[in-house]
Structures are given as structure tokens and as C-alpha cells.
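What follows is a single structure, written as C-alpha cells, with notes after it.
The values are calculated or read from the model by the stated rules, or taken from the named source; none is laboratory data. Being a predicted model, the structure only gives us computed values, none of them experimental. All Cβ positions, even for glycine, are placed from backbone atoms using ideal geometry, and neighbour counts span all protein chains on display.
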Amino acid sequence: MPQANAIFLSIRPQYVSKIFGGTKTVELRRVRPKYIAKGALVLIYVPSPVQSLVGAFKVDRAIEMPLKELWEAVHDRSGVTREEFDAYYEGTSTGVAIFFSEVWNLPEPIELRDLKESVGFQPPQGFRYVTPSELASPQLAELVEDTETAIQSSFLTQKN
């Protein structure tokens with residue numbers, strides 16, 4: 001069973017800049033990661049054209065609800081317009097919001113080619129769980145160091 005101590009999320013560049021700028025404190029998803037808990041670490045991967053791991057944030061909570069209720073709960077924190085929200089969730093009736101805090105921006109992004117060489121990294125399509133070997137890699141150790149206690153406690157509170 002995967003453990004939710006950390007996940008990679010693929011987030012578009014325009015939204016990552018809002019996260020680091022503090023205007024986006026909720027990440028929207030169509031699918032809820034099954035194993036995600038308060039205190040879990042989300043590693044932010046920016047797809048093309050950036051193709052780099054750029055930072056992380058700590059999960060405060062994740063909710064799933066009907067879209068009308070979700071928009072009311074997140075509209076002022078999501079970093080998207082109502083039109084973008086509706087377009088993203090087209091064809092579905094519920095959505096997921098991952099509320100976060102404690103955002104870390106890496107001093108130097110870790111490029112995809114370096115991640116592939118060091119740990120055999122495969123970019124997430126939407127999200128994927130971080131493997132223990134990836135978490136133990138020297139490249140991710142600095143990023144994970146400050147959240148180790150919080151992550152360990154999220155393991156202890158996991159429910160199937």
C-alpha cells in the first residue's frame with residue numbers, strides 16, 4: 001500500500017507562480033489522491049516548458065465536494081477564475097481541493113534530466129506518490145529535511 005508521506009503534483013507554471021506569490025493557497029484536482037493526510041508533503045513539479053522540481057508545500061487538508069459548494073469554499077484562494085474552474089471540471093460533478101501552507105521554493109530548481117539520472121524519476125501526469133528511494137535521494141533530502149517530523153506523523157495517522 002502506498003504511504004502518503006509525499007506526493008509529486010504536476011502544476012502548470014502560471015499556477016506555481018501564484019503559489020509562490022501567496023495568492024494561491026488551494027490546489028484543485030479532479031481526482032483525490034487516496035493516501036493524503038494533514039502534514040503530507042507535496043513536491044511541485046512544473047511540466048513543459050520548465051520540466052523541473054521547483055519546491056513543495058505542506059498539506060493542511062483535502063476535501064471533495066460537489067462543484068457548486070467547492071467553488072464557494074475555494075474561489076478566493078484557488079488562483080483561478082470561475083470560467084477556468086468550470087472548464088477544468090467540465091464533465092464531472094465533484095472536485096477536490098488541497099489546502100496548503102508552509103510553501104518552500106527551491107533555491108535552484110532540479111531539472112528533469114538530473115532527476116532521471118539520479119533516481120530514475122518519471123514525471124507525474126497529474127500526481128503520483130514519492131517512492132522511498134526518491135525521498136532518500138540527496139537531491140530531495142534538503143527539501144524534505146524541514147518537514148520530516150510532520151511527514152512521520154502523517155504516516156502514523158494514515159487510514160486505509
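Which one is modelled with the lowest pLDDT among residues in segment 13-34 that are under 18 Å from GLY95 (Cα atoms) and not in a strand (DSSP E or B)? By that ranking, first place goes to LYS34. Within segment 74-84, the residues that satisfy the criterion of being closer than 20 Å to GLY22 by Cβ and not polar (S, T, N, Q) are VAL74, HIS75, ASP76, ARG77, GLY79, VAL80, GLU84. Scanning segment 47-63 for residues that are without any contact (Cβ under 8 Å) to a residue 60 or more places away in the chain and within 15 Å of TYR15 (Cβ to Cβ) yields a total of 5.
Could you please find all residues in segment 116-138 being of a type outside the set (D, E, K, R), within 14 Å of TYR45 (Cα to Cα) and in contact (Cβ under 8 Å) with a residue 12 or more places away in the chain? Result: PHE121, PRO123, PRO124, GLN125, GLY126, PHE127, TYR129, VAL130.
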